[in-house]
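The values are calculated or read from the model by the stated rules, or taken from the named source; none is laboratory data. Predicted model only: the values in this text are computed from it and were never measured. In this analysis, Cβ positions are derived from the backbone assuming ideal geometry, glycine residues included, and neighbour counts consider all displayed protein chains. Accessible surface areas use protein heavy atoms only, side chains included; no ligands, DNA or RNA. Shrake-Rupley method; radii C 1.70, N 1.55, O 1.52, S 1.80 Å.
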Amino acid sequence: MAWTKEQLMAIEKSGSNIIVSAGAGSGKTAVLSERVIYKLTHGIHIDELLILTFTRAAAEEMKDRIRDNIKKKPELASELDAIDSAYITTFDSFALSVVKKYHYLVGVKKDISITDESLVTLATDDILDDIFDRAYARGDEKFENLLKKYTIKNDSPIRKAILELIKKIDSYIDKDAYFTYLENEFYSDDSLNKILDDFESYVSEMKKKLSLELERGYSYFEEEFKTKMDDVLLPLLNTTSLEELATFKATRLPNLPRGSTDETKEAKEKVKACMAELLSLIQFGDRKKIKEDILNTKETVEALVDILRSYYTQLAIFKKENDIFTFGDIASLAITILRDNEEAREELKNKFKEIMIDEYQDTNDVQETFISMISNENVYMVGDIKQSIYRFRGSNPSIFKDKYDHYSNSDGGYKIDLIKNFRSRSEVLENVNFIFALLMDDSLGGAAYTVSHEMVYGNTLYDDQRMNELDYNCEIIEYDSDETKNFSNAEIEIFAI
(Lines give C-alpha, C1' and ligand atoms only; values in the text may rest on other atoms or scores of the structure.)
Protein backbone atom coordinates (compact mmCIF):
# COMPACT_ATOMS: atom_id res chain seq x y z
CA MET A 1 0.00 0.00 0.00
CA ALA A 2 1.14 3.56 -0.67
CA TRP A 3 2.15 5.76 2.25
CA THR A 4 -0.53 8.08 3.56
CA LYS A 5 0.15 11.82 3.68
CA GLU A 6 0.74 11.62 7.43
CA GLN A 7 3.05 8.60 7.14
CA LEU A 8 5.07 10.32 4.42
CA MET A 9 5.41 13.38 6.64
CA ALA A 10 6.57 11.17 9.51
CA ILE A 11 9.19 9.64 7.18
CA GLU A 12 10.55 12.84 5.63
CA LYS A 13 9.97 15.74 8.06
CA SER A 14 13.23 17.10 9.54
CA GLY A 15 14.77 20.21 11.01
CA SER A 16 13.37 20.09 14.55
CA ASN A 17 12.34 17.80 17.37
CA ILE A 18 9.41 15.67 16.19
CA ILE A 19 6.86 13.66 18.12
CA VAL A 20 4.79 11.09 16.25
CA SER A 21 1.63 9.88 17.99
CA ALA A 22 1.16 6.49 16.34
CA GLY A 23 -2.03 4.61 17.21
CA ALA A 24 -2.34 0.84 17.14
CA GLY A 25 -2.01 -0.65 13.67
CA SER A 26 -0.88 2.65 12.15
CA GLY A 27 2.32 1.25 10.62
CA LYS A 28 4.61 2.78 13.23
CA THR A 29 7.48 0.30 12.84
CA ALA A 30 7.32 0.44 9.06
CA VAL A 31 7.42 4.24 9.15
CA LEU A 32 10.33 4.29 11.61
CA SER A 33 12.43 1.86 9.55
CA GLU A 34 11.56 3.69 6.31
CA ARG A 35 12.69 6.95 7.90
CA VAL A 36 16.07 5.35 8.51
CA ILE A 37 16.32 4.45 4.80
CA TYR A 38 15.27 7.99 3.89
CA LYS A 39 18.08 9.37 6.05
CA LEU A 40 20.61 6.98 4.50
CA THR A 41 19.63 8.00 0.97
CA HIS A 42 20.13 11.65 1.93
CA GLY A 43 23.74 11.42 3.02
CA ILE A 44 23.53 10.25 6.63
CA HIS A 45 25.34 7.02 7.60
CA ILE A 46 23.78 4.33 9.78
CA ASP A 47 26.40 4.86 12.52
CA GLU A 48 25.35 8.53 12.72
CA LEU A 49 21.89 7.55 13.93
CA LEU A 50 21.01 6.61 17.51
CA ILE A 51 17.91 4.40 17.50
CA LEU A 52 16.62 3.53 20.96
CA THR A 53 13.95 0.91 21.63
CA PHE A 54 12.32 -0.40 24.78
CA THR A 55 13.46 -4.05 24.66
CA ARG A 56 16.31 -6.06 23.18
CA ALA A 57 13.84 -8.02 21.08
CA ALA A 58 12.47 -4.80 19.60
CA ALA A 59 16.01 -3.59 18.88
CA GLU A 60 16.86 -6.82 17.03
CA GLU A 61 13.60 -6.69 15.09
CA MET A 62 14.31 -3.10 14.08
CA LYS A 63 17.86 -3.97 13.05
CA ASP A 64 16.64 -6.89 10.91
CA ARG A 65 13.99 -4.77 9.24
CA ILE A 66 16.45 -2.00 8.43
CA ARG A 67 18.95 -4.55 7.11
CA ASP A 68 16.30 -6.04 4.80
CA ASN A 69 15.34 -2.58 3.55
CA ILE A 70 18.97 -1.65 2.87
CA LYS A 71 19.40 -4.81 0.79
CA LYS A 72 16.66 -3.56 -1.53
CA LYS A 73 18.75 -0.49 -2.38
CA PRO A 74 22.08 -1.38 -4.07
CA GLU A 75 23.34 2.19 -3.63
CA LEU A 76 23.30 1.66 0.17
CA ALA A 77 25.31 -1.59 0.13
CA SER A 78 28.19 0.00 2.06
CA GLU A 79 25.87 0.57 5.03
CA LEU A 80 25.33 -3.18 5.46
CA ASP A 81 28.83 -3.62 6.88
CA ALA A 82 28.03 -1.15 9.65
CA ILE A 83 24.53 -2.36 10.56
CA ASP A 84 25.63 -4.84 13.25
CA SER A 85 27.73 -2.24 15.10
CA ALA A 86 25.16 0.54 14.62
CA TYR A 87 23.52 2.14 17.64
CA ILE A 88 20.18 0.34 17.34
CA THR A 89 19.77 -0.65 20.94
CA THR A 90 17.99 -0.16 24.26
CA PHE A 91 18.43 2.81 26.60
CA ASP A 92 20.18 0.57 29.14
CA SER A 93 22.63 -0.87 26.61
CA PHE A 94 23.50 2.55 25.22
CA ALA A 95 24.03 4.01 28.70
CA LEU A 96 26.35 1.08 29.46
CA SER A 97 28.35 1.75 26.28
CA VAL A 98 28.75 5.40 27.32
CA VAL A 99 30.00 4.42 30.79
CA LYS A 100 32.44 1.89 29.31
CA LYS A 101 33.79 4.47 26.86
CA TYR A 102 34.33 7.16 29.48
CA HIS A 103 34.88 4.89 32.49
CA TYR A 104 38.03 6.75 33.55
CA LEU A 105 36.00 9.92 34.16
CA VAL A 106 33.99 8.31 36.98
CA GLY A 107 36.62 5.91 38.33
CA VAL A 108 35.11 2.57 37.30
CA LYS A 109 36.58 -0.36 35.39
CA LYS A 110 36.28 -0.46 31.61
CA ASP A 111 34.71 -3.94 31.76
CA ILE A 112 31.99 -2.77 34.16
CA SER A 113 28.95 -5.08 34.06
CA ILE A 114 25.38 -5.22 35.33
CA THR A 115 24.64 -7.17 38.49
CA ASP A 116 21.44 -8.99 39.37
CA GLU A 117 19.05 -6.73 41.33
CA SER A 118 18.47 -9.53 43.86
CA LEU A 119 21.93 -8.90 45.38
CA VAL A 120 20.92 -5.31 46.09
CA THR A 121 17.62 -6.49 47.59
CA LEU A 122 19.50 -8.74 50.01
CA ALA A 123 21.88 -5.93 50.89
CA THR A 124 18.96 -3.57 51.49
CA ASP A 125 17.60 -5.76 54.30
CA ASP A 126 21.03 -5.97 55.97
CA ILE A 127 21.62 -2.23 55.68
CA LEU A 128 18.21 -1.35 57.16
CA ASP A 129 18.84 -3.81 60.01
CA ASP A 130 22.10 -2.01 60.77
CA ILE A 131 20.53 1.49 60.56
CA PHE A 132 17.67 0.52 62.87
CA ASP A 133 20.00 -1.24 65.37
CA ARG A 134 22.22 1.85 65.58
CA ALA A 135 19.20 4.16 66.06
CA TYR A 136 17.89 1.94 68.88
CA ALA A 137 21.32 1.79 70.54
CA ARG A 138 21.91 5.56 70.61
CA GLY A 139 18.33 6.39 71.64
CA ASP A 140 17.68 8.59 68.61
CA GLU A 141 14.79 10.86 69.64
CA LYS A 142 13.46 11.47 66.10
CA PHE A 143 13.58 7.76 65.37
CA GLU A 144 11.78 6.85 68.60
CA ASN A 145 9.06 9.46 67.97
CA LEU A 146 8.61 8.02 64.48
CA LEU A 147 8.05 4.56 65.95
CA LYS A 148 5.65 5.84 68.62
CA LYS A 149 3.59 7.66 66.00
CA TYR A 150 3.28 4.94 63.38
CA THR A 151 3.86 1.54 65.02
CA ILE A 152 2.26 -0.58 67.73
CA LYS A 153 3.91 -3.98 68.18
CA ASN A 154 7.07 -3.72 66.07
CA ASP A 155 8.84 -1.54 63.51
CA SER A 156 7.69 -3.46 60.41
CA PRO A 157 5.22 -0.73 59.24
CA ILE A 158 8.08 1.81 59.13
CA ARG A 159 10.40 -0.62 57.36
CA LYS A 160 7.69 -1.35 54.80
CA ALA A 161 7.10 2.37 54.22
CA ILE A 162 10.85 2.97 53.79
CA LEU A 163 11.11 0.17 51.22
CA GLU A 164 8.28 1.80 49.24
CA LEU A 165 10.06 5.16 49.44
CA ILE A 166 13.29 3.56 48.22
CA LYS A 167 11.49 2.21 45.14
CA LYS A 168 10.39 5.74 44.31
CA ILE A 169 13.62 7.55 45.17
CA ASP A 170 15.73 5.04 43.20
CA SER A 171 14.46 6.72 40.02
CA TYR A 172 15.70 10.17 41.12
CA ILE A 173 18.87 11.36 39.42
CA ASP A 174 20.21 13.46 42.32
CA LYS A 175 18.99 11.88 45.53
CA ASP A 176 21.04 14.14 47.78
CA ALA A 177 19.52 17.24 46.17
CA TYR A 178 16.05 15.81 46.79
CA PHE A 179 16.80 15.21 50.48
CA THR A 180 18.23 18.73 50.80
CA TYR A 181 15.09 20.14 49.20
CA LEU A 182 12.90 18.31 51.74
CA GLU A 183 15.00 19.61 54.62
CA ASN A 184 15.47 23.22 53.52
CA GLU A 185 12.77 24.21 51.02
CA PHE A 186 9.68 22.00 51.16
CA TYR A 187 8.34 23.57 54.37
CA SER A 188 9.02 27.17 53.33
CA ASP A 189 6.08 29.57 52.94
CA ASP A 190 6.59 29.74 49.17
CA SER A 191 6.51 25.97 48.84
CA LEU A 192 3.46 25.51 51.08
CA ASN A 193 1.55 28.31 49.33
CA LYS A 194 2.28 26.62 46.00
CA ILE A 195 0.84 23.35 47.36
CA LEU A 196 -2.25 25.16 48.60
CA ASP A 197 -2.70 26.99 45.30
CA ASP A 198 -2.46 23.68 43.44
CA PHE A 199 -5.02 22.14 45.80
CA GLU A 200 -7.46 25.00 45.22
CA SER A 201 -6.96 24.61 41.47
CA TYR A 202 -7.84 20.93 41.85
CA VAL A 203 -11.00 21.89 43.76
CA SER A 204 -11.90 24.21 40.86
CA GLU A 205 -11.41 21.35 38.40
CA MET A 206 -13.74 19.17 40.47
CA LYS A 207 -16.36 21.95 40.35
CA LYS A 208 -16.07 22.10 36.56
CA LYS A 209 -16.48 18.33 36.41
CA LEU A 210 -19.64 18.53 38.57
CA SER A 211 -21.00 21.41 36.48
CA LEU A 212 -20.45 19.45 33.27
CA GLU A 213 -22.18 16.36 34.66
CA LEU A 214 -25.13 18.49 35.80
CA GLU A 215 -25.38 20.00 32.33
CA ARG A 216 -25.42 16.51 30.80
CA GLY A 217 -28.17 15.53 33.21
CA TYR A 218 -30.37 18.35 31.93
CA SER A 219 -31.02 16.20 28.86
CA TYR A 220 -32.86 13.70 31.09
CA PHE A 221 -34.29 15.82 33.92
CA GLU A 222 -37.79 17.30 33.86
CA GLU A 223 -38.03 21.09 34.29
CA GLU A 224 -39.22 20.96 37.88
CA PHE A 225 -36.40 18.60 38.87
CA LYS A 226 -33.85 20.76 36.99
CA THR A 227 -34.89 23.72 39.13
CA LYS A 228 -34.52 21.70 42.34
CA MET A 229 -31.05 20.50 41.31
CA ASP A 230 -29.99 24.05 40.46
CA ASP A 231 -31.24 25.31 43.82
CA VAL A 232 -29.02 22.78 45.58
CA LEU A 233 -25.91 22.77 43.36
CA LEU A 234 -25.51 26.29 41.98
CA PRO A 235 -24.69 27.83 45.40
CA LEU A 236 -22.12 25.05 45.94
CA LEU A 237 -20.59 25.62 42.49
CA ASN A 238 -20.39 29.37 43.13
CA THR A 239 -18.32 29.07 46.32
CA THR A 240 -15.05 31.02 46.19
CA SER A 241 -13.06 29.53 49.08
CA LEU A 242 -12.42 26.26 50.91
CA GLU A 243 -14.08 27.72 54.01
CA GLU A 244 -17.24 28.50 52.07
CA LEU A 245 -17.23 25.08 50.41
CA ALA A 246 -17.13 23.44 53.86
CA THR A 247 -20.55 24.93 54.70
CA PHE A 248 -22.08 22.58 52.09
CA LYS A 249 -20.82 19.43 53.82
CA ALA A 250 -24.34 18.11 54.50
CA THR A 251 -25.67 18.79 50.98
CA ARG A 252 -28.22 16.27 49.73
CA LEU A 253 -29.69 16.06 46.25
CA PRO A 254 -33.49 16.16 45.79
CA ASN A 255 -35.42 12.94 45.17
CA LEU A 256 -36.31 12.04 41.60
CA PRO A 257 -39.96 12.08 40.58
CA ARG A 258 -41.73 8.73 40.67
CA GLY A 259 -41.54 6.76 37.46
CA SER A 260 -38.24 8.27 36.35
CA THR A 261 -36.49 6.32 33.60
CA ASP A 262 -33.31 4.30 34.16
CA GLU A 263 -31.42 6.88 32.08
CA THR A 264 -32.62 9.67 34.37
CA LYS A 265 -31.63 7.71 37.46
CA GLU A 266 -28.20 7.04 36.01
CA ALA A 267 -27.74 10.74 35.15
CA LYS A 268 -28.55 11.72 38.72
CA GLU A 269 -26.16 9.09 40.10
CA LYS A 270 -23.34 10.54 38.00
CA VAL A 271 -24.06 14.02 39.36
CA LYS A 272 -24.18 12.58 42.87
CA ALA A 273 -20.82 10.83 42.42
CA CYS A 274 -19.18 14.07 41.20
CA MET A 275 -20.64 16.00 44.11
CA ALA A 276 -19.38 13.39 46.60
CA GLU A 277 -15.91 13.57 45.04
CA LEU A 278 -15.90 17.36 45.42
CA LEU A 279 -17.24 17.36 48.98
CA SER A 280 -14.70 14.70 50.02
CA LEU A 281 -12.05 17.43 49.70
CA ILE A 282 -13.65 19.29 52.61
CA GLN A 283 -12.02 16.80 55.01
CA PHE A 284 -8.67 18.56 54.59
CA GLY A 285 -10.03 21.83 56.00
CA ASP A 286 -9.23 25.40 55.03
CA ARG A 287 -5.84 26.77 53.93
CA LYS A 288 -4.71 27.39 57.50
CA LYS A 289 -5.62 23.85 58.62
CA ILE A 290 -3.94 22.22 55.59
CA LYS A 291 -0.79 24.27 56.15
CA GLU A 292 -0.67 23.28 59.83
CA ASP A 293 -1.16 19.59 58.95
CA ILE A 294 1.72 19.68 56.47
CA LEU A 295 4.00 21.47 58.96
CA ASN A 296 3.19 18.78 61.53
CA THR A 297 4.84 16.19 59.25
CA LYS A 298 8.21 17.94 59.39
CA GLU A 299 9.70 15.88 62.22
CA THR A 300 8.51 12.65 60.57
CA VAL A 301 10.06 13.64 57.25
CA GLU A 302 13.33 14.61 58.92
CA ALA A 303 13.51 11.21 60.62
CA LEU A 304 12.82 9.41 57.33
CA VAL A 305 15.41 11.52 55.48
CA ASP A 306 18.03 10.62 58.11
CA ILE A 307 17.30 6.91 57.55
CA LEU A 308 17.29 7.23 53.77
CA ARG A 309 20.54 9.25 53.68
CA SER A 310 22.23 6.57 55.78
CA TYR A 311 20.79 3.84 53.58
CA TYR A 312 22.07 5.30 50.31
CA THR A 313 25.48 6.07 51.84
CA GLN A 314 25.89 2.48 53.06
CA LEU A 315 24.51 1.05 49.82
CA ALA A 316 27.07 3.03 47.80
CA ILE A 317 29.89 1.64 49.98
CA PHE A 318 28.53 -1.91 49.58
CA LYS A 319 28.32 -1.56 45.79
CA LYS A 320 31.82 -0.12 45.51
CA GLU A 321 33.37 -2.79 47.73
CA ASN A 322 31.66 -5.60 45.81
CA ASP A 323 31.89 -4.01 42.33
CA ILE A 324 28.09 -4.15 41.96
CA PHE A 325 26.22 -1.97 39.47
CA THR A 326 22.54 -2.09 38.53
CA PHE A 327 20.91 -0.60 35.44
CA GLY A 328 19.92 2.39 37.55
CA ASP A 329 23.54 2.90 38.63
CA ILE A 330 24.73 2.75 35.02
CA ALA A 331 22.17 5.38 33.96
CA SER A 332 23.23 7.64 36.84
CA LEU A 333 26.91 7.20 35.95
CA ALA A 334 26.17 8.04 32.30
CA ILE A 335 24.37 11.22 33.36
CA THR A 336 27.22 12.15 35.70
CA ILE A 337 29.70 11.73 32.85
CA LEU A 338 27.68 13.97 30.53
CA ARG A 339 26.84 16.54 33.20
CA ASP A 340 30.40 17.00 34.47
CA ASN A 341 32.38 16.60 31.23
CA GLU A 342 31.59 18.99 28.41
CA GLU A 343 34.02 17.29 26.01
CA ALA A 344 32.24 13.93 26.33
CA ARG A 345 28.85 15.60 26.09
CA GLU A 346 29.77 17.53 22.95
CA GLU A 347 31.36 14.48 21.34
CA LEU A 348 28.12 12.50 21.60
CA LYS A 349 26.01 15.50 20.67
CA ASN A 350 28.00 15.97 17.45
CA LYS A 351 28.20 12.28 16.64
CA PHE A 352 24.49 11.65 16.09
CA LYS A 353 22.65 13.43 13.31
CA GLU A 354 19.34 12.18 14.70
CA ILE A 355 18.16 10.37 17.83
CA MET A 356 15.13 8.14 17.23
CA ILE A 357 13.18 6.82 20.21
CA ASP A 358 10.54 4.11 19.89
CA GLU A 359 7.78 3.52 22.50
CA TYR A 360 8.41 7.02 23.80
CA GLN A 361 5.35 6.86 26.08
CA ASP A 362 7.33 4.43 28.28
CA THR A 363 10.31 6.76 28.77
CA ASN A 364 11.24 7.62 32.35
CA ASP A 365 12.71 10.79 33.86
CA VAL A 366 16.28 9.45 33.93
CA GLN A 367 16.17 8.50 30.25
CA GLU A 368 14.66 11.86 29.33
CA THR A 369 17.43 13.70 31.20
CA PHE A 370 20.06 11.51 29.52
CA ILE A 371 18.75 12.22 26.01
CA SER A 372 18.38 15.95 26.66
CA MET A 373 22.13 16.12 27.33
CA ILE A 374 23.16 14.74 23.93
CA SER A 375 20.36 16.06 21.72
CA ASN A 376 20.53 19.04 19.42
CA GLU A 377 16.97 19.77 18.27
CA ASN A 378 17.16 16.40 16.49
CA VAL A 379 15.09 13.99 18.57
CA TYR A 380 12.44 11.93 16.75
CA MET A 381 9.99 10.36 19.22
CA VAL A 382 7.39 7.73 18.30
CA GLY A 383 4.78 6.38 20.69
CA ASP A 384 1.17 6.21 21.76
CA ILE A 385 0.16 7.43 25.20
CA LYS A 386 -2.90 5.16 25.03
CA GLN A 387 -0.51 2.20 25.14
CA SER A 388 1.43 3.29 28.21
CA ILE A 389 1.50 0.31 30.59
CA TYR A 390 4.84 0.58 32.40
CA ARG A 391 4.20 3.13 35.15
CA PHE A 392 4.92 0.38 37.68
CA ARG A 393 8.48 0.26 36.29
CA GLY A 394 9.00 4.00 36.54
CA SER A 395 7.85 5.18 33.12
CA ASN A 396 6.38 8.68 33.04
CA PRO A 397 3.79 9.08 30.25
CA SER A 398 3.39 12.76 31.15
CA ILE A 399 6.73 13.30 29.36
CA PHE A 400 5.03 12.22 26.12
CA LYS A 401 1.88 14.21 26.88
CA ASP A 402 3.72 17.44 27.72
CA LYS A 403 5.73 17.29 24.51
CA TYR A 404 2.65 16.38 22.47
CA ASP A 405 0.72 19.34 23.89
CA HIS A 406 3.58 21.80 23.37
CA TYR A 407 4.47 20.57 19.89
CA SER A 408 0.79 20.79 18.91
CA ASN A 409 1.25 24.54 19.36
CA SER A 410 4.63 24.54 17.53
CA ASP A 411 6.34 25.12 20.87
CA GLY A 412 9.70 23.32 20.83
CA GLY A 413 9.01 20.89 18.01
CA TYR A 414 6.60 19.43 15.48
CA LYS A 415 3.70 17.02 16.08
CA ILE A 416 2.44 14.35 13.66
CA ASP A 417 -0.60 12.11 14.25
CA LEU A 418 -0.82 8.64 12.69
CA ILE A 419 -4.42 7.71 13.41
CA LYS A 420 -5.27 5.51 10.44
CA ASN A 421 -5.41 1.88 11.47
CA PHE A 422 -4.48 -0.72 8.83
CA ARG A 423 -4.87 -3.77 11.06
CA SER A 424 -8.55 -3.96 11.88
CA ARG A 425 -12.00 -4.02 10.29
CA SER A 426 -14.09 -0.88 10.39
CA GLU A 427 -16.45 -2.45 12.92
CA VAL A 428 -13.61 -3.11 15.35
CA LEU A 429 -12.46 0.50 15.16
CA GLU A 430 -15.98 1.91 15.44
CA ASN A 431 -16.62 -0.19 18.54
CA VAL A 432 -13.30 0.75 20.15
CA ASN A 433 -13.85 4.44 19.38
CA PHE A 434 -17.36 4.30 20.82
CA ILE A 435 -16.12 2.84 24.11
CA PHE A 436 -13.04 5.01 24.55
CA ALA A 437 -14.80 8.22 23.55
CA LEU A 438 -16.86 7.68 26.71
CA LEU A 439 -13.92 6.76 28.93
CA MET A 440 -10.75 8.56 27.93
CA ASP A 441 -9.91 12.25 28.12
CA ASP A 442 -6.99 14.45 29.14
CA SER A 443 -7.51 13.80 32.84
CA LEU A 444 -8.29 10.07 32.54
CA GLY A 445 -5.73 8.36 30.36
CA GLY A 446 -3.84 11.48 29.33
CA ALA A 447 -5.36 11.65 25.84
CA ALA A 448 -8.20 13.80 24.53
CA TYR A 449 -9.58 10.80 22.67
CA THR A 450 -12.32 12.45 20.64
CA VAL A 451 -10.09 15.41 19.72
CA SER A 452 -7.05 13.72 18.22
CA HIS A 453 -6.82 10.05 19.17
CA GLU A 454 -9.81 8.34 17.57
CA MET A 455 -8.65 5.63 15.16
CA VAL A 456 -9.57 5.91 11.50
CA TYR A 457 -10.33 2.94 9.26
CA GLY A 458 -7.45 2.54 6.82
CA ASN A 459 -7.38 -0.96 5.33
CA THR A 460 -10.34 -0.89 2.94
CA LEU A 461 -9.33 -4.31 1.57
CA TYR A 462 -11.47 -5.71 4.37
CA ASP A 463 -14.52 -4.34 2.55
CA ASP A 464 -13.99 -6.94 -0.17
CA GLN A 465 -13.44 -9.73 2.35
CA ARG A 466 -16.65 -10.01 4.32
CA MET A 467 -19.44 -12.52 4.67
CA ASN A 468 -22.77 -10.75 4.69
CA GLU A 469 -24.34 -13.21 7.10
CA LEU A 470 -21.76 -12.39 9.79
CA ASP A 471 -21.97 -9.51 12.23
CA TYR A 472 -18.46 -8.13 12.70
CA ASN A 473 -19.38 -5.84 15.60
CA CYS A 474 -18.35 -6.64 19.14
CA GLU A 475 -20.74 -8.59 21.33
CA ILE A 476 -21.11 -7.66 24.98
CA ILE A 477 -21.76 -10.70 27.16
CA GLU A 478 -23.31 -10.07 30.56
CA TYR A 479 -23.33 -12.56 33.41
CA ASP A 480 -24.43 -12.69 37.04
CA SER A 481 -22.17 -13.39 39.98
CA ASP A 482 -22.51 -16.79 41.60
CA GLU A 483 -24.04 -15.99 44.99
CA THR A 484 -23.61 -19.60 46.08
CA LYS A 485 -19.83 -19.11 45.61
CA ASN A 486 -19.45 -22.43 43.81
CA PHE A 487 -17.49 -20.58 41.13
CA SER A 488 -15.42 -17.41 41.08
CA ASN A 489 -16.41 -14.50 38.84
CA ALA A 490 -13.40 -15.31 36.65
CA GLU A 491 -14.66 -18.86 36.16
CA ILE A 492 -18.18 -17.67 35.37
CA GLU A 493 -16.71 -15.26 32.84
CA ILE A 494 -14.84 -18.13 31.18
CA PHE A 495 -18.04 -20.18 30.99
CA ALA A 496 -19.88 -17.25 29.40
CA ILE A 497 -17.21 -16.77 26.74
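Once you list every other residue whose beta carbon is under 12 Å from the beta carbon of PHE143, what net charge do they have if Lys and Arg are +1 and Asp and Glu are -1?
Working: positive: ARG134, ARG138, LYS142, LYS148, LYS149; negative: ASP133, ASP140, GLU141, GLU144, ASP155, GLU299, GLU302, ASP306.
Local net charge: -3.
Summing -39500 (n - 2.57) over the DSSP H runs of n ≥ 4 in the chain and dividing by its residue number, what mean residue ellipticity at 222 nm do you reach, to the nearest 500 deg cm²/dmol? All intermediate terms of the calculation are to be shown ahead of the outcome.
Details: 21 runs with 276 residues, N = 497.
The helix contribution divided over the chain gives -17500 deg cm²/dmol.
Given a Förster radius of 35 Å and the C-beta distance between GLU117 and THR180 as r, what FRET efficiency does 1/(1 + (r/R0)^6) yield to the nearest 0.05?
Values: r = 27 Å, r/R0 = 0.78.
Calculated value: 0.80.
In whole angstrom, note down how far apart the Cα centers of the range 442-479 and the range 1-47 are.
25 Å
Within a Cβ distance under 12 Å of ILE131, other residues only, what is the Lys/Arg minus Asp/Glu net charge? Walk me through the intermediate numbers first.
Numbers: positive: ARG134, ARG138, ARG159, ARG309; negative: ASP125, ASP126, ASP129, ASP130, ASP133, ASP140, ASP155, ASP306.
Charge balance in the 12 Å sphere: -4.
Put +1 on the Cβ of each Lys and Arg and -1 on the Cβ of each Asp and Glu in the chain; which of TYR479, LEU32, ASN431 then has its Cα farthest toward the positive end of the dipole?
Going by the charge dipole, the pick is LEU32.
Contour minus end-to-end for ASP286 and LYS101, with contour as 0.36 nm per residue of separation and end-to-end as the Cα-Cα distance?
Working: separation 185, 0.36 × 185 = 66.60 nm, distance 5.55 nm.
Once the chain is fully extended between ASP286 and LYS101, it gains 61.0 nm.
Quote the FRET efficiency, to the nearest 0.05, computed for ILE317 versus GLU224 with a Förster distance R0 of 60 Å and r equal to the Cβ-Cβ distance. Provide the component values of the computation, followed by the final result.
On the way: r = 74 Å, r/R0 = 1.24.
Efficiency, rounded to the nearest 0.05: 0.20.
How would you rank 261-270, 12-21, highest first, on the average number of other Cβ atoms within 10 Å across their residues?
Numbers: 261-270: 14.1, 12-21: 18.6.
Ranking the peptides 261-270, 12-21 by packing returns 12-21, 261-270.
So for LYS298, LYS148, what's the accessible-area order with a 1.4 Å probe, most first?
Numbers: LYS298 80, LYS148 155 Å².
In descending accessible area the options line up as LYS148, LYS298.
List the residues, sorted by chain then number, that are 5 or more residues from VAL456 or on another chain and whose placed amide H is less than 5 Å from its amide H.
Placed amide hydrogens put LYS420, ASN421 under 5 Å from VAL456.
Order 104-111, 341-348, 420-427 from most to least packed using the mean count of other Cβ atoms within 10 Å.
Working: 104-111: 11.9, 341-348: 14.1, 420-427: 17.6.
Top to bottom by mean Cβ count within 10 Å: 420-427, 341-348, 104-111.
Search the structure for amide H atoms under 5 Å from the amide H of GLY27, placed 1.01 Å from N in the peptide plane, and list their residues when 5 or more places away or on another chain.
The answer is PHE422.
Within the chain, which complete DSSP H helices have Cα atoms spanning at least 30 Å along the helix axis and a mean Kyte-Doolittle hydropathy of -1.0 or higher? Walk me through the intermediate numbers first.
Values: long enough: 117-138 (32 Å, -0.03); 189-217 (42 Å, -0.83); 298-322 (36 Å, -0.27).
Span-like helices in the chain: 117-138, 189-217, 298-322.
Going 7 Å from the Cα of ALA161 in the Cα-to-Cβ direction, what parts of the range 295-311 have a backbone nitrogen less than 11 Å from that spot?
Backbone N within reach: 297-305.
Quote to one decimal, in nm, the extra length available between ILE152 and ALA276 on full extension: 0.36 nm per residue of separation minus the C-alpha distance between them.
Working it through step by step, the gained length comes to 41.3 nm.
Quick check on my link table: of LYS168/LYS403; LYS110/LYS160; LYS28/LYS73; LYS71/LYS401, which ones sit more than 25 Å apart, alpha carbon to alpha carbon? Please list the in-between numbers first.
Numbers: LYS168/LYS403 23 Å; LYS110/LYS160 37 Å; LYS28/LYS73 21 Å; LYS71/LYS401 37 Å.
Long pairs (Cα-Cα over 25 Å): LYS110/LYS160; LYS71/LYS401.
Read through the labelled values [x] 39.7; [y] 33.5; [z] 37.8 and report the label of the one computed as mean projected area of the Cα convex hull in nm² from the structure.
Evaluating mean projected area of the Cα convex hull in nm² on these atoms matches [y].
Calculate, for the chain, the solvent-accessible area per residue in square angstrom, rolling a 1.4 angstrom probe over the heavy atoms of the protein chains. Mind dumping the intermediate values first?
Values: 28680 Å² over 497 residues.
Accessible area per residue, the chain: 58 Å².
To the nearest 10 square angstrom, what accessible area does THR227 show with a 1.4 Å probe?
Roughly 80 Å² of THR227 is accessible to a 1.4 Å probe.
Determine the dipole magnitude for the range 59-163: charges of +1 sit on the beta-carbon of Lys and Arg, -1 on that of Asp and Glu, nothing else is charged, the reference point is the Cα centre, and the result goes in debye to the nearest 20. Working shown, then result.
Values: 18 positive and 21 negative charges, 66 e Å.
The dipole of the range 59-163 has a size of about 320 debye.
Please report the net charge: other residues with Cβ closer than 9 Å to the Cβ of MET381, K and R +1, D and E -1. Walk me through the intermediate numbers first.
Values: positive: LYS403; negative: ASP358.
So the environment of MET381 carries a net charge of 0.
So if each residue of separation counts as 0.36 nm, and I subtract the Cα-Cα distance between TYR390 and VAL451, what length gain in nm does that give?
The span from TYR390 to VAL451 would gain 19.5 nm if fully extended.
Expressed as a whole percentage, what fraction of the accessible surface of the range 396-497 belongs to carbon and sulfur atoms when a 1.4 Å probe is rolled over the protein heavy atoms?
Details: 3680 of 7050 Å².
So the carbon and sulfur contribution to the accessible surface is 52 percent.
With charges set only on the Cβ (+1 for Lys and Arg, -1 for Asp and Glu), what does the dipole of the chain come to about its Cα centre, in debye to the nearest 20? Before the final figure, lay out each step's value.
Working: 65 positive and 94 negative charges, 104 e Å.
Taking the Cα centre of the chain as origin, the dipole is about 500 debye.
Quick one: order MET9, MET440 from most to least accessible surface, probe 1.4 Å.
Details: MET9 65, MET440 30 Å².
Descending accessible area places them as MET9, MET440.
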